[in-house]
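Data block below; observations after.
The values are calculated or read from the model by the stated rules, or taken from the named source; none is laboratory data. For clarity, every value in this text was computed on a predicted model and none was experimentally measured. Glycine also receives a Cβ, built like all others from the backbone with ideal geometry; neighbour counts cover every protein chain displayed.
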Amino acid sequence: MNISNSLILSDSLLYIKTILRGRGSALLSAWAAPITARCDLEGLKPGIYEIPVNSLPTPIPFNNITVEHTIETISFTIDTIIESQASIMVPLQGNLKNGYSISDVVINDSLFIIGPRGMIETTEFVLTETLDVKNRSNSFSKQVHLAPHSPLVNLSRSVVTAEIIIDTTVERMITNLPLKLIFTPYQRVTSEKISLDTLIVKGPRSRMNNLSKGDITVRITLSQLTSGEHNLPATIILPDYVTPVYSSPKRFAIKIH
């Protein structure tokens, strides 16, 4: 009760397990019209609160009923309501016609989300329903519904228009990509090779024409490994809609001192 309009309950216990004792007819009436405990939130600020259950007023409209709570306290979180613009991600399913690739998914509609600060600030994107691209070879637009979100979050719209850009698929070979080793200041590392000799990737022609070595990361993380000799594969991080076809070498000989 009485929570400020600028605040919201982002985490709370709405039901308390209790034991009711009394006459059968009164208990049946209580079952049909559940008893409600009242928690007054007037004047509270954002934060985590814990309140003894016995301190909550619990009006009982039926005679000769006693209430015994099975927990001693309830906890809840109050957060500030904020509004933020959100990115939209469209999941795709199905395979395009052979020789074609997704070049981009464009959404020109703006989306704003309103809800608890802690939830909004950690929301990277909002999903839509899955869109089928099976056997497609030409770019197209389609309206898609936004996927169900948390009941604590309100979306400024429920439908967006997604433009799927499709292009012909091409392959490209890139050589001598630098190898990035990630390790702690307490490790001393040596590697027989310092680059990936050959990488073949495929993707939409429009993206492949502008692909450069700086768009690709080849790395190996060593920070959790013990001293000694290791033979490790590299992680290859590529731009969106570009996929690896072949790489050499497959593994790297690295020594941690």
query: (1) without any contact (Cβ under 8 Å) to a residue 40 or more places away in the chain; (2) not assigned by TED's automatic domain parsing to the domain that holds residue 121: which one isn't true of residue 178, the others all being true?
result: (1)
- request: Just give me the residues in the stretch 98-116 being within 15 Å of residue 126 (Cβ to Cβ) and touching a helix residue (DSSP H, G or I) at 6+ places or on another chain (Cβ under 8 Å), in sequence order.
  value: 113, 114
message: Criterion first (crowded, with 16+ Cβ neighbours inside 10 Å, among the aliphatic types (A, V, I, L, M), closer than 30 Å to residue 142 by Cβ and not assigned by TED's automatic domain parsing to the domain that holds residue 134) does residue 245 satisfy it?
response: no
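Output yes when any residue across the stretch 155-173 is part of a strand (DSSP E or B), under 30 Å from residue 254 (Cβ atoms) and out of contact with any helix residue (DSSP H, G or I) (no Cβ under 6 Å at 6 or more places or on another chain), and no when none is.
yes
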Per-region count, the stretch 208-237, residues surrounded by 13 or more Cβ atoms within 10 Å (Cβ to Cβ) and among the small types (Gly, Ala, Ser): 1
statement: When (1) surrounded by fewer than 13 Cβ atoms within 10 Å (Cβ to Cβ); (2) modelled with pLDDT under 95; (3) in the same structural domain as residue 101 (by TED's automatic domain parsing) are applied to residue 152, the one that fails is (1)
- prompt: From the residues in the stretch 40-58 that are surrounded by 12 or more Cβ atoms within 10 Å (Cβ to Cβ) and within 32 Å of the chain's Cα centre (by Cα), which one is nearest to residue 80 (Cα to Cα)?
  reply: 46
Members of the stretch 71-91 that are over 28 Å from the mean Cα position of the chain (by Cα), surrounded by fewer than 15 Cβ atoms within 10 Å (Cβ to Cβ) and either assigned to a strand (DSSP E or B) or among the aliphatic types (A, V, I, L, M) (or both): 71, 73
query: Is there a residue in the stretch 131-141 that is within 28 Å of residue 82 (Cα to Cα) and either part of a loop (DSSP other than H, G, I, E, B) or among the charged types (D, E, K, R) (or both)?
result: no
- request: Tell me the strands (runs of 3 or more DSSP E) entirely within the stretch 9-70 that contain at least 1 residues that are free of Cβ contacts under 8 Å to residues at least 40 places away in the same chain.
  value: 47-52
task: Need at least 2 residues that are closer than 27 Å to residue 99 by Cα per element, so show me which strands (runs of 3 or more DSSP E) inside the stretch 202-257 make the cut, counting only ones lying wholly within it.
output: 217-221, 235-237, 243-248
- prompt: In the set 96, 127, which member is part of a loop (DSSP other than H, G, I, E, B), over 30 Å from residue 21 (Cα atoms) and among the hydrophobic types (A, V, I, L, M, F, W, C)?
  reply: 96
